[in-house]
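Data first, discussion second: the structure below is written as C-alpha cells.
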Amino acid sequence: MASDADTVFDLVVLGGGSGGYACALRAVDLGMSVALVERDKVGGTCLHRGCIPTKALLHAGEIADQARESAGFGVKTAFEGIDMPGVNSYKDGVVIRLFKGLLGTLKTRGVTTIEGDGRLTSATTVEVDGTTYTGSHIVLATGSVPKSLPGLDIDGDRVISSDQALVLDTVPGSVVILGGGVIGVEFASVWRSFGADVTIVEMLPHLLPGEDENSSRLLERAFRKRGVNFELGARFSGVHYVEKGVSVSLENGKQIEADLLLVAVGRGPVSEGLGYEEAGVAMERGFVKVDSLCQTNVPTISAVGDLIPGWQLAHVGFGEGILVAERLAGLNPAPIDYDGVPRVTYSDPEVASVGITEAVAKERYGDDNVVTVRYNLGGNGKSQILKTAGEVKVVQQNDGPVVGVHMVGARMGELTAEAQLIYNWEALPTEVAQLIHPHPTQSEALGEAHLALAGKPLHFHD
Ligand SMILES: Cc1cc2nc3c(=O)[nH]c(=O)nc-3n(C[C@H](O)[C@H](O)[C@H](O)COP(=O)(O)OP(=O)(O)OC[C@H]3O[C@@H](n4cnc5c(N)ncnc54)[C@H](O)[C@@H]3O)c2cc1C
C-alpha cells in the first residue's frame with residue numbers, strides 16, 4: 001500500500017514526452033515535488049518515433065548522397081547500397097543513448113517517474129493501475145498519434161504510418177506518400193536518398209503548404225531535380241492491394257502502384273477515454289483548450305504539447321512545459337509568441353522559417369506595407385562549396401522590423417538560431433546589417449539579405 005508521501009505531489013504530469021518531461025524538470029528545479037506518469041517510454045514521440053530517429057535516417061541519406069556524388073568533389077568512393085539493419089542500429093544507438101541520458105537526468109534532478117497507464121479521475125487526481133496520485137496541480141501532456149483518413153485503414157504492413165516507416169528493415173522499391181507536410185516531405189527525402197521511387201500526393205497546391213509559397217516552390221524544384229515525384233492539388237480516393245504492394249487511386253483518375261503507402265496526413269491528440277471531459281476540461285475536436293499560458297478552464301489543470309491546438313513541435317512542447325512550471329511557481333512568464341517559433345523541415349534541401357509568410361504579412365499590414373528581399377544562395381561562397389541551391393527570403397514590415405525569414409538550402413535549419421533572434425527582438429534590417437557575419441559561412445546569406453533590405457547590398461543582384 002503506497003503512503004501519502006508516495007502519492008501526494010505538488011504537480012502530477014500525465015505523459016512523459018517533450019512537453020511533460022520539460023515541465024517536470026523545470027518544476028523540480030523550482031522546488032516542487034513532481035510525479036511524471038508515462039505508459040511507454042519517457043521521451044515520447046520525439047525521442048522514440050519522431051524527431052531523433054527521422055533525423056538519424058536523414059543523416060544516413062545525406063551520407064548515401066555524398067557517397068554517390070563524391071566524384072564531383074574529386075573524391076573517389078563507390079556507393080554500394082544501403083544496409084538497413086546497419087542504418088537502424090546507428091539510429092537506435094542514438095535513441096538509446098539519449099533515452100538513457102534522459103532517464104538519468106529525471107532521476108538525478110528528483111522527478112518521480114511512475115510507469116503505467118494514467119487516467120484523470122478528478123481535477124486533482126490521476127489514477128495509475130489502481131493507485132491514485134494527487135497533485136495540487138495536474139498537467140496534461142499525453143501528446144498525439146498518427147491520423148488517417150476516413151475509411152483508410154493503416155494495416156502496418158503495406159499501408160503504414162510514420163511509426164512503422166521508422167522501423168522498416170529493407171528499403172522499399174517504391175512508396176506513395178499521402179501528405180506533403182513536414183513528415184511526408186522528410187520521409188520522401190530519406191527514401192529517395194536510399195534509392196526508392198517516391199511519389200508524394202498532396203491535396204493542397206504546394207508541398208509544405210504552411211510555408212511561404214516561395215519556399216514551397218524552391219523545395220519542389222529541388223525535389224524535381226532529385227527525382228522525387230509529386231501530385232499537387234490531388235485528392236486521394238482509395239487504395240487496394242495488388243500482387244506485391246498497393247495501388248493508390250486519386251480523384252483525378254490517376255492510379256499509382258507502389259510497394260508501400262505511407263499515410264502522413266497529420267497527427268491527432270491522445271485524449272479519448274482519459275477522463276478529461278468527465279473532469280470538466282473544455283475540449284475541441286479532441287484537443288484540450290487552453291489560454292495563452294496553457295491553463296485550461298479547470299483552475300488546477302494545465303495542458304501542453306501536441307495535445308493542445310497549435311504547432312506540433314518538440315521545442316514548442318519544451319517551451320510550454322517550462323512556461324507552465326514557471327507560472328505555477330509564481331514567476332509570471334510571458335505568453336509564447338507562436339509566430340516566433342522556428343520551424344525546420346530537415347529534408348534535402350532543408351526548409352526553415354521563423355515569423356510570418358509574405359502572404360500573411362500582406363493580410364496583416366496591407367499589400368503596400370510589406371517589403372521583401374530574396375537572396376540567392378548562388379552568391380554565397382559556403383553554399384557553392386557545399387553545392388547547394390536555395391534562397392534566404394526576408395519579409396519586412398515597411399519601415400519597420402523583420403516579420404519573417406524563410407530559407408531553403410542545405411543546413412538552413414541551423415540559421416534559424418539567428419533568424420529567431422532577429423524576429424523575436426523585432427530587429428530592423430538596418431540593425432542586422434551592422435552585424436558582421438563570418439566568411440565563408442551560410443549565415444552570410446542572412447547578413448546579405450539584410451544588407452540589401454537596408455539599402456546597401458553587397459554580393460547581391462536581382
Ligand atoms: C516522424 C516525426 C518526426 C518529427 N520530427 C520533429 C522534429 O524534427 N522537430 C520537432 O520539433 N518535432 C518533430 N516532431 C513532433 C514532435 O515529436 C512532437 O511535437 C512532440 O513529441 C510532442 O511532445 P508531447 O510531449 O506533446 O507528446 P508526445 O511526445 O507524444 O508524448 C506524450 C507521451 O504521453 C504518453 N501517454 C499518453 N497517454 C498516456 C496515458 N494515458 N498514461 C501515461 N502516459 C501516456 C505517451 O506514451 C507519450 O510518451 C516529429 C513527429 C513525428 C511523428
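Brief remarks follow.
- Checking each residue in region 298-311 for being over 20 Å from the mean Cα position of the chain (by Cα) and either open to solvent by less than 20 Å² (accessible area, probe 1.4 Å) or within 14 Å of the ligand (Cβ to nearest atom) (or both) picks out Val298, Ile301, Ser302.
- Within region 174-199, tally of residues that are more than 15 Å from the ligand (Cβ to nearest atom) and either over 19 Å from Thr54 (Cα atoms) or open to solvent by less than 10 Å² (accessible area, probe 1.4 Å) (or both): 4
- Residue in region 317-366 that is surrounded by the fewest Cβ atoms within 10 Å (Cβ to Cβ), counting only those that are out of contact with any Lys or Arg (no Cβ under 8 Å at 6 or more places or on another chain) and aromatic (Phe, Trp, Tyr): Tyr338
- In region 246-276, residue nearest to the ligand (Cβ to nearest atom) [restricted to those that are among the charged types (D, E, K, R) and in a loop (DSSP other than H, G, I, E, B)]: Glu272
- Listed by position, the strands (runs of 3 or more DSSP E) inside region 104-152 whose residues that are within 9 Å of the ligand (Cβ to nearest atom) number at least 2 are 112-115, 118-122, 125-128, 144-146.
- One residue stands out among those in region 280-297 that are aliphatic (A, V, I, L, M) and part of a loop (DSSP other than H, G, I, E, B): the one that is surrounded by the fewest Cβ atoms within 10 Å (Cβ to Cβ), which is Ala282.
- Cβ pairs under 7 Å, 6+ apart, first in region 112-129 and within 14 Å of Leu11 (Cα to Cα), second modelled with pLDDT under 95 and away from the ligand (no atom under 11 Å from the Cβ): none
- Residue in region 426-434 that is charged (D, E, K, R) and assigned to a helix (DSSP H, G or I) present: yes
- Listing of helices (runs of 4 or more DSSP H) fully contained in region 314-402 that carry 2 or more residues being modelled with pLDDT of 95 or more and of a type in the set (Val, Ile, Thr): 314-328
The values are calculated or read from the model by the stated rules, or taken from the named source; none is laboratory data. Please read all numbers here as calculations on a predicted model, not as lab measurements. Cβ coordinates were reconstructed from backbone atoms using ideal geometry, including for glycine residues, and neighbour counts include every protein chain displayed. Ligands, DNA and RNA are excluded from the accessible area calculation, which covers all protein heavy atoms including side chains. Shrake-Rupley method; radii C 1.70, N 1.55, O 1.52, S 1.80 Å.
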